[in-house]
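Only one structure is covered here, and it is reproduced in the block below.
The values are calculated or read from the model by the stated rules, or taken from the named source; none is laboratory data. Here the structure is a predicted model, which is why all the values come from computation and not from measurement. Every residue, glycine among them, receives a Cβ derived from its backbone with ideal geometry; neighbour counts consider all protein chains shown. Only protein heavy atoms, including side chains, enter the accessible area calculation; ligands, DNA and RNA are left aside. Shrake-Rupley method; radii C 1.70, N 1.55, O 1.52, S 1.80 Å.
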Amino acid sequence: MLDLFSDEAPWSEPLAEGAVILRRRAREQGEMLLALIDQLAQQNPFQHLITPGGHRMSVAMTNCGDLGWSSDTRGYQYSGEDTLTGRRWPPMPEPFRALALVAAQEAGFSHFQPDACLINRYEPGAKLSLHQDKDEKDLRQPIVSVSLGLPAVFQFGGFERGDAVQRVLLEHGDVVVWGGPSRLRFHGILPVKPGVHPLAGAYRYNLTFRRAR
Ligand code: MD3
Ligand code: FE
């Protein structure tokens with residue numbers, strides 16, 4: 001659906017050293033990105049993974065690209081295969097890659113070569129507890145995240161779990177680039193509030209583009 005009332009141009013807001021929000025940057029591509037997510041999920045369905053601690057994640061996940069992130073009772077890992085289907089992850093769609101590259105470039109990272117895209121799906125009540133992303137080989141490479149569908153409150157902390165957190169609302173089309181010193185900050189997502197998004201229905205989606213190896 002074309003939203004005739006939000007013709008505002010994207011704008012950027014620095015969040016911390018190395019982290020910048022490109023507000024609404026992916027909004028015009030929202031419908032296309034959601035259609036690609038649907039196609040990918042038909043081949044590699046969303047799964048509620050089990051954490052090493054034995055808990056079922058409230059967020060459902062799938063991946064595309066050479067490598068995909070997963071969790072089970074043995075730990076976290078990047079791997080070329082989806083254990084559910086026994087097949088390789090589907091290729092990263094070109095429009096995904098193009099968006100990640102241009103966003104990274106806008107934030108000052110000109111040689112970003114993502115080889116993994118984790119796709120998170122949140123239903124109302126789903127959350128992601130505070131964590132660090134450090135399973136990737138080269139932590140000098142940024143992570144680019146794209147939020148679609150229902151809004152969510154993002155928590156952005158410090159370098160220790162107990163550090164104070166900033167709360168930032170992430171909305172449909174918001175793109176965030178996390179690099180430099182921000183790359184290792186603790187972060188999480190508060191439980192998503194019930195709602196219906198005109199394009200995504202009762203879900204929030206988040207794409208994270210990573211260089212895993
Ligand atoms: C800050 N996803 O998949 S995106 C994740 O909205 C993850 O689904 C959240 O955290 C989501 O790991 C947050 C924003 C994000 C992603 C990676 C980061 C923030 C980050 C890595 C380092 C610092
Ligand atoms: Fe994360």
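Here are the numbers for this structure:
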| read-out | value |
| --- | --- |
| Any pair with Cβ under 6 angstrom, 6 or more apart, that starts in region 38-59 at a residue that is under 22 Å from R88 (Cβ atoms) and ends at one that is in a loop (DSSP other than H, G, I, E, B) and basic (K, R) | none |
| Selection within region 84-138 - closer than 26 Å to H48 by Cα, surrounded by fewer than 19 Cβ atoms within 10 Å (Cβ to Cβ) and polar (S, T, N, Q) | T85, S129, Q132 |
| Test: Q155 is surrounded by fewer than 16 Cβ atoms within 10 Å (Cβ to Cβ) and touching a strand residue (DSSP E or B) at 6+ places or on another chain (Cβ under 8 Å) | no |
| Search result, residues across region 138-166 that are β-branched (V, I, T) and within 13 Å of ligand 2 (Cβ to nearest atom) | I143, V144 |
| Filter result (in contact with a strand residue (DSSP E or B) (Cβ under 9 Å, 6 or more places away or on another chain), open to solvent by 20 Å² or more (accessible area, probe 1.4 Å) and either on the phi > 0 side of the Ramachandran plot or part of a strand (DSSP E or B) (or both)) within region 48-74 | I50, R56, W69, S70, D72 |
| Wholly within region 96-213, strands (runs of 3 or more DSSP E) carrying at least 2 residues that are touching a residue at least 60 places away in the same chain (Cβ under 8 Å) and farther than 29 Å from Q39 by Cβ | 166-170 |
| Residue in region 107-117 that is under 22 Å from A200 (Cβ atoms), among the aliphatic types (A, V, I, L, M), away from ligand 2 (no atom under 15 Å from the Cβ) and under 17 Å from the mean Cα position of the chain (by Cα) present | no |
| Selection status of P142, under 18 Å from R183 (Cα atoms), out of contact with any Asp or Glu (no Cβ under 9 Å at 6 or more places or on another chain), within 9 Å of ligand 1 (Cβ to nearest atom) and not acidic (D, E) | yes |
| Output for region 163-192, where each listed residue is near ligand 1 (Cβ under 10 Å from one of its atoms), more than 17 Å from Y205 (Cβ to Cβ) and of a type in the set (A, V, I, L, M) | V168, V177, L184 |
| L169 being among the hydrophobic types (A, V, I, L, M, F, W, C) and away from ligand 2 (no atom under 14 Å from the Cβ) | yes |
